[in-house]
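Asker: Before I ask anything, let me first share the structure, which is written out below as structure tokens.
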Amino acid sequence: MKEIFVDIERCTACKACEIACAVEHSATKTLFGAVFESPAPQKRVHVEPALVYSYPVRCLHCTDAPCIAACPNGAMTRDSVTGSVIVDEDRCQGCFMCAMVCQFGAISVSAQTRTALKCDRCPDRLAVGLPPACVEACPTRALVFGEEEDLASEKRLSAAARVAQAVSGAAVHPSSATPLDTLRSLRGY
Amino acid sequence: MTRETMDVATEALYERACDCGIETGLDRLEAQQPQCGFGQLGTCCRICYMGPCRIDPFATDGSSRGVCGADANVIVTRNLLREATGGAASHVGHARHVALTLRDAMNGRAPYAIVDRAKLLSVATGLGIAVEGKADTDIAKEVVDKALEDYGRQDGEPANWVAFRTPPKELEMWKELGLVVSNVHNEIEEAMHRTSGGNDADPVNLLLGTLRMGIADGVGLAMATDLQDIMFGTPQVRGIEANVGVLDANKVNLAMHGHNPVLSEKIVEWSIRLDDEARAAGAEGMNVVGVCCTGNELTMRHGVPMAGHNLQSELLLVTGAVDAMAVDVQCIWPGTVKVAECFDTKIITTEANVKIPGAMHIPFEAANADEAAEKIVRTAIEAFVARKGKEVSIPQVKASGLAGFSVEAIVDVLAKVDPDNPLKPVIDNIVAGNIYGVVAFAGCPNPKIRASEMTEIMAKELLANNVLVVTTGCTAHILAQAGLMSPEATEKYAGDGLKAVLTALGGAAGLDGPLPPVWHMGSCVDNSRIVNLLAALAGTLGVKLSQLPVAGSAPELVQEKAVSIGSWLLALGLTVHTAPVLHVLGSPVATKVLTEDLVGITGGRAYVEYDPKKAAAGLLADIATKRAALGI
């Protein structure tokens, strides 16, 4: 099962993910169509400030999702095809028990129906083999769509390389500072 | 922004805004967080319609390029030049407006006059105009011709104000570097042309273009100051008050906001003429107060109270006590109209190119200056009548001090010590180390760093280390509000050497106490006064500006105008501190040239530091290096 992962170091707070999310959840699914729609389409990902960093917060589609357990109407369910946690708007009574138990603030409110609003991982896109809109829109690959095991494997290899470098006495070069690192160091004096 | 650490007046006004449910810039700044990294790094290009393109800051090998092939260096330096162009356009436009007003006045078509004949003669002489046997009006017309020539000449010769106001060594250096500006409008055209799609792609060439744009900006600054002094008088040292407490609930409070004294001078005149009407309307009189740079113009020449800096332009309205805020150009926040709607306050725009929906518009041109000014003052009186008896909340916070430190006023004071060589006392004390150096503060209050008291703490650190601080623009408001323009501040904050010098000068000037440790030299265009002062010091010593133990700082940079002013100072060879960092970090070339290589070109250097104490220490280290090189 593929998940959306975030590399906080690479997030520049450009909010391209927010715009792409709203467009994907619009009627026209085009930027120039979406900006003229009423009601205006809503984003399900929120780029929030975090110390000198920024972080796109969205639903993590937890395996043991408390929002599903908390919903009194069975409106919050797991999609059998995509595995995503999704809202059935017809069943949702707008009590926001789901928002209360969510540890990530990933559930907001639909301006039009006053029901729960959250990331659905773009089922229309997944159906045709495309990654979620936010992932595709991210210009720095801070958002990636991949298997948990692949992410873990990549990190294991990186950890192993660091150990090997240390043991072999090779100089362990600190990763070269990017412009964004410089900016963060200035802001975080 | 943590509200707890803001100054008392700002804090009180912000609290009131929150209580009244009024949104201000501080709220909007919070709502804008986090802000886009591409914008901050300068690596977003919207110049053509193959884009917009953005350069991945993590592709540090330069592999990330725009559709046309422009890399981060090209995009950043093009954007920087366009920022400087926006700033220079503001200043040369301001100066042209003043020149045209002087022209119309001399032709009997605008109600303005020559107020400072001595300045007229000195400017005319400096421009190479023969003054003997000529009527003042004719001399002034020739000065105007020289001014307008800088907007039209096509002969490539140095602009009149470049030749007039640039120190000889720097002018020579600019000639060698190919930086001499001839026609300021051509510079703006050239810059927009070369940064348009498919033109200049050499980042170093583009950075040199930014230096040229700084020099064009300097023409605007110097010309505006000179012509304004001729028409409105050269400032002399006088007592002033600063902060929101200068508003008076029982008077008609008319706040002047913007930049051009052509408007605000007329408002002061008509406020005096219509004072009886204000009293007849139940007020205790007219109370004109200044905001932002036109506030500085008025306080320098008339001692008009300084009500607030740019960040306070909305917050002042939250008092409910501002009857009208009349504005001209630059730094006018659209948000002011929304705040004004909560009260009886009228926002009055006056310029054809600065209109805001929801504001009242009273067209102001030199020819109809009296009619428009009269109408603006009457509008304020009418708003007072509507406001009378309603609750207002004016934090009783204000500081007093001295302003009006034009170069002429400074030389007048110094001449009392040494009439033959007025600058000698300053130079002797710089050599002796009693004045360790001079740092010029300019620019704005930036809400991103205002809560850190960046400007105040930097200034206090420098003063304690015997560095004289001179200031213009909104940093002048900040430093006046902090009490740093008072003689008492010399006792409290200046190091022993600086204190002794300022005490001696204060005595010579016939003051009860010392001169203040922070000298208010005017508005943003009056950064020209600072450069004139440094040029006089450098000329007397026979050194380049880059060798002087001096530096500039925009401690809370906001506007494109600060970028162009800073570019002028870099072209002149000064070290220029800024916070926040310019939008250049995305380009390794721009970052290196501005912070390192430029030292070997003009002597100038850009320096970034957000921590006020570290920034002061950085500038002190820079001054120490320059002193050592001079052998003092």
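Asker: Could you tell me which numbered condition B:V115 fails, if it satisfies all but one of (1) buried (at least 17 other Cβ atoms within 10 Å of the Cβ); (2) assigned to a loop (DSSP other than H, G, I, E, B)?
Answerer: The failed condition is (1).
Asker: If a residue must be in contact (Cβ under 8 Å) with a residue 40 or more places away in the chain, part of a loop (DSSP other than H, G, I, E, B) and within 14 Å of another protein chain (Cβ to nearest Cβ), how many such residues does segment A:1-24 contain?
Answerer: Result for segment A:1-24: 5.
Asker: Take segment A:41-63 and flag every residue that is within 15 Å of A:Q103 (Cα to Cα), within 12 Å of another protein chain (Cβ to nearest Cβ) and of a type in the set (A, V, I, L, M).
Answerer: A:V57, the sole residue that qualifies.
Asker: Also, quick follow-up: Can you name every residue in segment B:568-612 that is in contact (Cβ under 8 Å) with a residue 12 or more places away in the chain, over 21 Å from B:T455 (Cβ atoms) and among the hydroxyl-bearing types (S, T, Y)?
Answerer: Selection gives B:S587, B:T595, B:T602.
Asker: Next question, about the same structure. Give me the strands (runs of 3 or more DSSP E) completely within segment B:217-291, filtered to those with at least 1 residues that are more than 28 Å from B:A409 (Cα to Cα), ordered by residue number.
Answerer: Passing ranges, in order: B:252-257, B:286-291.
Asker: Can you work out which of the residues in segment A:109-165 that are within 14 Å of chain B (Cβ to nearest Cβ) and among the β-branched types (V, I, T) is surrounded by the fewest Cβ atoms within 10 Å (Cβ to Cβ)?
Answerer: Out of the qualifying residues, it is A:V144.
Asker: A further question follows. Of everything in segment B:10-26, what is among the small types (G, A, S), under 19 Å from B:E391 (Cβ atoms) and in contact (Cβ under 8 Å) with a residue 60 or more places away in the chain? Give them in sequence order.
Answerer: B:A12, B:A17
Asker: Residues being surrounded by 15 or more Cβ atoms within 10 Å (Cβ to Cβ) and more than 10 Å from chain A (Cβ to nearest Cβ): count how many of those fall in segment B:24-69.
Answerer: Total satisfying the criteria: 12.
Asker: Further, regarding this structure: From the list B:D428, B:D412, exactly one residue is in a helix (DSSP H, G or I) and free of Cβ contacts under 8 Å to residues at least 60 places away in the same chain. Which is it?
Answerer: Residue meeting the stated conditions: B:D428.
Asker: Determine, yes or no, whether B:A17 is farther than 20 Å from B:L582 by Cα and away from chain A (no Cβ under 14 Å).
Answerer: yes
Asker: Return the total of residues in segment B:25-61 being assigned to a loop (DSSP other than H, G, I, E, B) and either over 28 Å from the mean Cα position of the chain (by Cα) or outside the structural domain of B:E11 (by TED's automatic domain parsing) (or both).
Answerer: Total satisfying the criteria: 15.
The values are calculated or read from the model by the stated rules, or taken from the named source; none is laboratory data. Computed from a predicted model, the values in this text were never measured in an experiment. Cβ sites come from the backbone with ideal geometry, for glycine too, and all protein chains shown count toward neighbours.
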